[in-house]
Amino acid sequence: MSVCLSCSSNDSNLLYDFGELPAVNKFFSQDDVDSEKKYPLVLNYCKVCFLVQIEEVPPAEDLYQDYHHKSSASAGNVDHLKSFKDFIVDNFDLKTNILEIGSNDSTLLNLLNEEGFDIIGIDPAINLNQDDKNVISSFFNTEIVEKISNNYGKFDLIFGLNVFAHSKDFLDMFLAANELLKTDGTFIFEVAYADKTILKGNFDTIYHEHVCSYTLTSLNKVLSIAGFKIIDAYEIDTQGGSLRLMCKKLSTNLKTNNRFTKLLDGEKKLGYSEVEFYESIAKSIQTKVDKINQFFEALYEKNKKILFIGAPARGVVVINLVKSLNKKNCIVIDDTKEKQNKLFPGTHIPVTQWEKVDFGNYDIAIILSWNYSDYLLDKLTSYGFKKDVYTLIPDIKKIS
Ligand SMILES: [Zn+2]
């Protein structure tokens, strides 16, 4: 068994073995699909700190060399960044000097700059930030700490949104944040909350990019290892359910807020620090995977023609676990231009656009972007699709 990425214990248990999966955000064309690679996807949990984590992480360049995710690309995300900006404006004065970890295309950095804050970003995506003089083009880790503090000193406030679950070096990132923070400085970050995903058996957020699925229980441990005390915790709606944590250095005199204590106690009651709980989750994942396979086997035997709606990362995970699928009978529609005229990762079903589909040819539609199912169902109806429409997660459900 592997060593825990957080507490370094050797005591981890298997939660679920997904087999080999491709990189979920890499779409190949017919010409270069032979170069697609698959990687083991094994999900473990640590029996000491209860962090849910992937056993083996593919090389970062395999996952991210073609990375084109932009903060500003989704309206929902920009709205969230605006609300985070308001949170900073409400809680900090303009003398606060700020470091943003994972500043991406500087959407949030610019919003705070416009408010008058002194803010520096750090992000490895050179293609997104090469012209921005307020952004350091680098991964964030303890190796870069000295260079940053020599140039900018230490910070009153350091924050990072959705960056600490994506790297196996998250502990080193937390340590680096601690080193760069002033003694009475504040560290804030947001991560997806496993309470809303894998710990409900919804396994479709598990892929190679998501190294960790955090609970407050597991975060409390890793943050104390990195020299932080959690002062406050908020549950927020982004990414289908996330945590926003406010931390200070361990030496702080500040007391922990009740919100945090309540959430942590709630996790304890749910069994998040007991092996039996994770064993029950393993069973519930297996049950969901089995049901999905039975569903597709019935379609396969009847030679049904399937229209998949959406090719999100979460859909790639689910469809790659299906054993009986005749790709000649399937097509995928996705709105993202970079995915169109390419092949769905792993199964190589063609991905196309709405305008090119003859909807009368298909016997069933399955919405893979189930978090947008209302919108997509309306769109299917507007294109004249009259057959049954299903979603697969959280459970298989006929929605029309
Ligand atoms: Zn651990």
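The values are calculated or read from the model by the stated rules, or taken from the named source; none is laboratory data. It should be emphasised that the depicted structure is a prediction, and the values quoted were computed from it without experimental measurement. Glycine also receives a Cβ, built like all others from the backbone with ideal geometry; neighbour counts cover every protein chain displayed. Accessible surface is based on the protein model in full, side chains and every heavy atom, while ligands, DNA and RNA are left aside. Shrake-Rupley method; radii C 1.70, N 1.55, O 1.52, S 1.80 Å.
Is it the case that residue 374 is open to solvent by less than 20 Å² (accessible area, probe 1.4 Å), within 29 Å of the chain's Cα centre (by Cα) and free of Cβ contacts under 8 Å to residues at least 60 places away in the same chain?
Details: open to solvent by less than 20 Å² (accessible area, probe 1.4 Å): no; within 29 Å of the chain's Cα centre (by Cα): yes; free of Cβ contacts under 8 Å to residues at least 60 places away in the same chain: yes.
No, not satisfied.
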Subject >> Criterion: modelled with pLDDT of 95 or more and of a type outside the set (S, T, N, Q) - qualifying residue of 86, 66, 62 >> reply: 86
Original post:
Here are 5, 15, 41, 51: which of them is in contact (Cβ under 8 Å) with a residue 24 or more places away in the chain and away from the ligand (no atom under 16 Å from the Cβ)?
Top reply: 41
**OP:** Would you check if residue 381 is closer than 26 Å to residue 37 by Cα and of a type in the set (Val, Ile, Thr)?
**Re:** no
**OP:** Would you tally the residues in region 292-325 being free of Cβ contacts under 8 Å to residues at least 12 places away in the same chain and either among the small types (Gly, Ala, Ser) or crowded, with 19+ Cβ neighbours inside 10 Å (or both)?
**Re:** 1
Original post:
Hey, any hits in region 62-85 for a residue that's assigned to a loop (DSSP other than H, G, I, E, B), within 15 Å of residue 211 (Cα to Cα), away from the ligand (no atom under 16 Å from the Cβ) and out of contact with any helix residue (DSSP H, G or I) (no Cβ under 8 Å at 6 or more places or on another chain)?
Top reply: no
Subject >> Qualifying residues in region 207-243 (those that are charged (D, E, K, R) and open to solvent by less than 20 Å² (accessible area, probe 1.4 Å)) - the one modelled with the lowest pLDDT >> reply: 209
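One residue is enough: does region 141-161 have a residue meeting the conditions at pLDDT below 95 and surrounded by 15 or more Cβ atoms within 10 Å (Cβ to Cβ)?
Going through region 141-161, the residues at pLDDT below 95 turn out to be none.
Looking through region 141-161, none of the residues is at pLDDT below 95 and surrounded by 15 or more Cβ atoms within 10 Å (Cβ to Cβ).
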Original post:
Has region 90-102 got at least one residue that is within 16 Å of the ligand (Cβ to nearest atom), farther than 26 Å from residue 346 by Cα, aromatic (Phe, Trp, Tyr) and out of contact with any Gly (no Cβ under 7 Å at 6 or more places or on another chain)?
Top reply: no
Subject >> Criterion violated by residue 12 - all others in (1) at pLDDT 95 or above; (2) open to solvent by less than 30 Å² (accessible area, probe 1.4 Å) satisfied >> reply: (1)
Subject >> Subset of region 49-59 that is at pLDDT below 95 and in contact with a Phe, Trp or Tyr (Cβ under 8 Å, 6 or more places away or on another chain) - its residue that is surrounded by the most Cβ atoms within 10 Å (Cβ to Cβ) >> reply: 58
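Consider region 195-242. How many of its residues are under 14 Å from the mean Cα position of the chain (by Cα) and not hydrophobic (A, V, I, L, M, F, W, C)?
Going through region 195-242, the residues under 14 Å from the mean Cα position of the chain (by Cα) turn out to be 195-198, 202-215, 237-242.
Next cut, not hydrophobic (A, V, I, L, M, F, W, C) only: 195-197, 202, 204-205, 207-210, 213-215, 237-242.
So the count comes out to 19.
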**OP:** State whether the residues of region 289-302 include one that is of a type in the set (Ser, Thr, Tyr) and either over 21 Å from residue 369 (Cα atoms) or assigned to a strand (DSSP E or B) (or both).
**Re:** yes
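Could you please find all residues in region 326-354 being open to solvent by 40 Å² or more (accessible area, probe 1.4 Å) and either assigned to a helix (DSSP H, G or I) or at pLDDT 95 or above (or both)?
Filtering region 326-354 for residues open to solvent by 40 Å² or more (accessible area, probe 1.4 Å) gives 326-328, 335-338, 341-342, 348, 350, 353.
Those that are open to solvent by 40 Å² or more (accessible area, probe 1.4 Å) and either assigned to a helix (DSSP H, G or I) or at pLDDT 95 or above (or both): 326, 327, 328, 337, 338, 341, 342, 348, 350, 353.
Would it be correct to say that residue 34 is in a helix (DSSP H, G or I) and either over 30 Å from residue 280 (Cβ atoms) or open to solvent by 70 Å² or more (accessible area, probe 1.4 Å) (or both)?
Working: in a helix (DSSP H, G or I): yes; either over 30 Å from residue 280 (Cβ atoms) or open to solvent by 70 Å² or more (accessible area, probe 1.4 Å) (or both): yes.
Spelling it out, residue 34 is indeed in a helix (DSSP H, G or I) and either over 30 Å from residue 280 (Cβ atoms) or open to solvent by 70 Å² or more (accessible area, probe 1.4 Å) (or both).
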Original post:
Residues in region 18-31 that are in contact (Cβ under 8 Å) with a residue 40 or more places away in the chain and open to solvent by 20 Å² or more (accessible area, probe 1.4 Å): how many?
Top reply: 7
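Could you go through region 342-364 and let me know if any residue there is hydrophobic (A, V, I, L, M, F, W, C) and over 28 Å from residue 33 (Cα atoms). First the steps, then the outcome.
Step one: of region 342-364, the residues hydrophobic (A, V, I, L, M, F, W, C) are 343-344, 349, 351, 354, 357, 359, 364.
Those left that are additionally over 28 Å from residue 33 (Cα atoms): none.
Within region 342-364 (the criterion being hydrophobic (A, V, I, L, M, F, W, C) and over 28 Å from residue 33 (Cα atoms)), the answer is no, since none of the residues qualifies.
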